[in-house]
Amino acid sequence: MRSWTLLIILLAALVSACAATQEQVTSALQNQYSGKSIDGLVVQFGPPSNSFKMSDGGTSYEWNIANHTNVEYYRYSGTQNTLYCKIRAVAGADGVVKHVSTEDA
């Protein structure tokens, strides 16, 4: 029962990740996934948007979550920008998460 409650809290934090403070979301993700297999993040968020194999054998992963595109159009021209939250995780060569961070972009 406790894991379901924690999962619901985490999902609520992620759904509102751009509205919640970056520190709150980072802390929740760090507590949930640090020291555990990177597979948990992949199960939760799907395949990462980007990944990079590091020289020490570890891998850096990045997910783009909750994108929102704004389009402004006036007469014959327009502009577009896409807002999203990034989740970054670094896992060691053994696949264990060492660090999780977030960024609003």
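Compute the length gained on full extension between residue 94 and residue 27: take 0.36 nm times their separation in residues and subtract their Cα-Cα distance, giving the result in nm to one decimal. Spell out each step's value before the answer.
Working: separation 67, 0.36 × 67 = 24.12 nm, distance 2.28 nm.
The residue 94-residue 27 span can extend by a further 21.8 nm.
Give me, ordered by chain and number, the residues 5 or more places off residue 58 or on other chains with an amide H under 5 Å from its own placed amide H.
When sequence neighbours closer than 5 places are left aside, the close amide H contacts are 93.
Under 15 Å from the Cβ of residue 64, count the other residues' Cβ atoms, weight Lys and Arg +1, Asp and Glu -1, and hand me the total. Show your work: numbers first, answer last.
Values: positive: 86, 88; negative: 62, 103, 104.
Computed value for this residue: -1.
Read the figures in this text as sums done on the coordinates, not as results from a lab. Please read all numbers here as calculations on a predicted model, not as lab measurements. Every residue, glycine as well, gets a Cβ built from its backbone with ideal geometry; the counts of neighbours run over all protein chains shown.
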